[in-house]
Amino acid sequence: MSGAAGTGRTPRAVWIVLAVLGALVVAGLVAWPLGGWDTVTPSSARIPALHTGQLHRGAQLATRIEGAEVGPAYPDGRTPLHGGRVLTVTALVEDLDDAPATATDLAATIVVPGLTAALGDPDIRVASDGTSMGDLGPSVPTRLTLSWRVRTGAYRAGSELELRVIDRRPVESVLSVGTRWVDPRVAALWHGTLAAGPPATPDDAAFGGSGS
Amino acid sequence: MNRVTAALAGLGLVVAAGLVAGTAPAPSVLQGPIPVGAAVGQQAQGRDIVVTVQGVALARTLRSDDWTGAASGVWVVVRLRAETRLTSGAVTGSLTVGGRTWNVSDRPPVSLDQTSVDPGLPVEGVLAFEVPRSALVDGAILQLGRSPRPQADSAIRVRLDLAGAPVRPSLRVDAPQGVGS
């Protein structure tokens, strides 16, 4: 006899097998209370789809996207002061909280990927009369238009558009009285086809709208 | 001072610190509004505001010269006389019912909160709140001040009884107008 067997020592291969088995046992014990090992879909791929007209209820706002369009003017016919075109999303929004949702809250609720950071907050108006939307009070569902100025050619009628509906969680404000909404996350994805927006009003087109 | 005395003294200081911490005003009290109560028709005076709520009306639609606005719920329209005492600026407010709060609506272009009110020069105008029908109850609290939620500043508070008040189909609202003092 020769080698490990001859000297009475345990062969190295046996230790390796034992180490692997031990690791599997430990992994199994760790996984047991967590529900076991399974093939899962990453959470980022599980963002629910939001269909046109479907209601999404977040912690602060309920949102129902009704459509999107792109054209030369804002819904009231004004044209962008500094040129470009206008991408407008129409949505029914309701404040589910006890306190008013600010214009900042509303502006951060629907995001066009890759657009908002570049061109700023949307122009938010009440769809029925075109007045600028300030705070949205609780339990008053309101149809809003959110309009972004976009670069000419960046979006075309008939093309596909993705919108992200953002949800946040409330925390008590420290520096002031009330609630702050923090930790934004994508809560739903809307996909739809861009319609053609309204034409510009001739008088406004000559001088340019405020765009804000 | 022996050890027992020192321990008792230390324990007493801990209890005293606990009492101080436990009875300290909450941040909402320290930073919140300083309420001044009033009734409809009664003049109320705060640090930088003098107001008299003259009346309240409810309507489904408001209209002015070049604007018509339908409410998803109901418009609560407050007619008031207001002036500031120290500085020029807006007079605005909020309406609280059952823990829910609505700020003055920006929609009516003739809203008083879109006008700068000057010291000693009273104006009469309207503030409108867009609320759901479920908010039409007695005991609504109208809060008026230099901002919707005054912090460490006066807030005029007026109780409004909205239950059973008639809701008009349409109501005309006019731009603020100055009045003789």
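The values are calculated or read from the model by the stated rules, or taken from the named source; none is laboratory data. What you are looking at is a predicted structure, and each value in this text was computed from that prediction instead of being measured. For neighbour counting, all protein chains shown are included, and Cβ atoms are generated from backbone atoms with ideal geometry for every residue, glycine included.
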Discussion item. I'm checking my understanding of the structure. Among residues of segment B:134-160 that are basic (Lys, Arg) and at pLDDT below 95, which one is farthest from residue B:79 (Cα to Cα)?
Written reply: B:149
Discussion item. It is to be established whether one or more residues within segment B:7-27 are among the hydroxyl-bearing types (Ser, Thr, Tyr) and in the same structural domain as residue B:151 (by TED's automatic domain parsing).
Written reply: no
Practice prompt. Output the number of residues of segment B:87-120 satisfying the condition of being in contact with a Pro (Cβ under 6 Å, 6 or more places away or on another chain) and either within 14 Å of chain A (Cβ to nearest Cβ) or of a type in the set (A, V, I, L, M) (or both).
Written response: 5
Discussion item. Could you list, ordered by first residue, the pairs with Cβ atoms under 9 Å in which the first is in segment B:107-129 and touching a residue at least 12 places away in the same chain (Cβ under 8 Å) and more than 30 Å from residue A:143 (Cα to Cα) and the second is assigned to a strand (DSSP E or B) and acidic (Asp, Glu), at least 6 apart or interchain?
Written reply: B:117/B:83; B:118/B:83; B:119/B:83; B:120/B:83; B:121/B:83; B:122/B:83; B:123/B:83
Worksheet item: With respect to residue A:182, is the statement that it is more than 14 Å from every other protein chain (Cβ to nearest Cβ), among the aliphatic types (A, V, I, L, M) and within 30 Å of residue B:152 (Cβ to Cβ) true?
Response: yes
Worksheet, complete the sentence: In segment B:1-47, anything polar (S, T, N, Q) and part of a helix (DSSP H, G or I) is listed as B:5, B:23, B:28, B:31
Worksheet item: Within segment B:84-98, how many residues are under 18 Å from residue B:130 (Cβ atoms) and of a type outside the set (A, V, I, L, M, F, W, C)?
Response: 5
Worksheet item: Quick one: how many residues across segment B:65-86 are more than 9 Å from chain A (Cβ to nearest Cβ), in contact with an Asp or Glu (Cβ under 7 Å, 6 or more places away or on another chain), farther than 16 Å from residue B:40 by Cα and in a strand (DSSP E or B)?
Response: 2
Item to complete: Filter segment A:108-138 down to residues that are touching an Asp or Glu at 6+ places or on another chain (Cβ under 7 Å) and farther than 16 Å from residue A:75 by Cβ and give me whichever is surrounded by the fewest Cβ atoms within 10 Å (Cβ to Cβ).
Response: A:113
Worksheet entry | Members of segment B:133-158 that are more than 13 Å from every other protein chain (Cβ to nearest Cβ) and of a type in the set (D, E, K, R) | B:138, B:146, B:157
Worksheet entry | Criterion violated by residue A:124 - all others in (1) assigned to a strand (DSSP E or B); (2) of a type in the set (Val, Ile, Thr); (3) more than 11 Å from chain B (Cβ to nearest Cβ) satisfied | (3)
Worksheet item: In the list B:133, B:79, which residue meets the criterion of being surrounded by 16 or more Cβ atoms within 10 Å (Cβ to Cβ) and either of a type in the set (Phe, Trp, Tyr) or in the same structural domain as residue B:44 (by TED's automatic domain parsing) (or both)?
Response: B:79
Item to complete: Determine whether residue A:105 is in a loop (DSSP other than H, G, I, E, B) and more than 25 Å from residue A:193 (Cβ to Cβ).
Response: no
Discussion item. What's the number of the only condition in (1) part of a strand (DSSP E or B); (2) within 13 Å of chain A (Cβ to nearest Cβ); (3) farther than 26 Å from residue B:83 by Cα that residue B:130 fails to meet?
Written reply: (3)
Worksheet, complete the sentence: Scanning segment A:127-162 for residues that are of a type in the set (D, E, K, R) and not in a loop (DSSP other than H, G, I, E, B), the one farthest from residue A:104 (Cα to Cα) turns out to be A:160
Practice prompt. Tell me which residues, restricted to segment B:114-130, are of a type in the set (Gly, Ala, Ser) and buried (at least 23 other Cβ atoms within 10 Å of the Cβ).
Written response: B:125, B:128
Worksheet item: Can you find even one residue in segment B:164-174 that is touching a residue at least 40 places away in the same chain (Cβ under 8 Å), within 14 Å of chain A (Cβ to nearest Cβ) and either of a type in the set (A, V, I, L, M, F, W, C) or touching an Asp or Glu at 6+ places or on another chain (Cβ under 9 Å) (or both)?
Response: yes
Worksheet entry | Whichever residue in segment B:47-64 is under 28 Å from residue B:155 (Cβ atoms) and within 13 Å of chain A (Cβ to nearest Cβ) and, among such residues, is surrounded by the most Cβ atoms within 10 Å (Cβ to Cβ) | B:62
Worksheet item: In segment B:136-147, which residues are surrounded by 21 or more Cβ atoms within 10 Å (Cβ to Cβ) and not in a strand (DSSP E or B)?
Response: B:146
